[in-house]
1. Under a 5 Å amide H to amide H cut-off, with H placed in plane at 1.01 Å, what residues pair with VAL62 once short-range neighbours are removed?
2. Tell me, what ³J(HN,Hα) does each residue in the stretch 92-104 have, in order and in whole Hz, if you take phi through Karplus 6.51 cos²θ - 1.76 cosθ + 1.60 with θ = phi - 60° and put x for Gly and Pro?
3. When a footprinting reagent is the concern and you count Cβ atoms within 10 Å, what order do ASP18, ASP63 take, fewest first?
4. Points 7 angstrom from Cα along the Cβ direction at GLU104 and GLU126: gap in nanometres?
Amino acid sequence: MEDKLINQASQYLTFRLDQEMFAIDVFQVREVLDMDTITKVPQAPAFMRGVINVRGSVVPVVDMRIKFGLPQVETTIDTRIVVMEVNLDGDITVLGAIADSVNEVMELEPDQIEPPPKIGSRWRTEFIKGVGKRNQQFIILLDVDRLFSTHELAIVEEFCAE
């Protein structure tokens with residue numbers, strides 16, 4: 001894997017899964033929605049909860065907890081769907097990701113970000129751009145373009161076309 005150095009200040013949308021704080025680049029976020037009714041899709045992969053209607057478009061929704069191997073939990077008043085754009089080989093796929101809660105948009109400077117750990121990480125490092133530090137808190141910066149494989153996104157798009 002080629003490490004991408006983060007060499008300029010960037011804004012990130014932060015969200016929680018379990019006890020961990022994650023962040024994604026705000027430029028990939030379309031909007032944040034309250035939890036809504038998700039239409040289940042038969043024979044979809046376990047991480048795909050179904051689809052929702054976002055302004056007339058069918059948007060697949062993935063459960064980030066399942067994707068990361070965490071146990072599924074009941075939704076709460078804080079549960080949100082982060083609608084994002086994933087770029088895979090030049091093709092943009094819009095999908096929703098369920099997060100336990102969405103916190104804030106924050107700016108991180110390059111000196112607040114370290115490369116992903118090589119060993120000892122609970123998370124697969126190919127999905128991680130870096131680890132941000134702010135106010136004694138670690139924030140895992142996700143590379144959403146690497147989070148889903150070509151095969152997984154093809155499955156998601158196939159179910160949305162049905």
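1. For VAL62, whose amide H was placed from the backbone, the distant partners under 5 Å are ARG49, GLY96, ALA97, ILE98.
2. Running phi through 6.51 cos²θ - 1.76 cosθ + 1.60 with θ = phi - 60° gives 9, 10, 9, 8, x, 10, 7, 10, 4, 6, 10, 9, 6 Hz.
3. Working: ASP18 13, ASP63 21.
Result, fewest neighbours first: ASP18, ASP63.
4. Computed distance between label sites GLU104 and GLU126 equals 3.5 nm.
Bear in mind that the values in this text are calculations on the coordinates, not laboratory data. On a predicted model such as this, the values are computed, not experimentally measured, just so you know. Don't worry about glycine lacking a Cβ; one is built from the backbone with ideal geometry, like all the others, and counts go over all protein chains shown.
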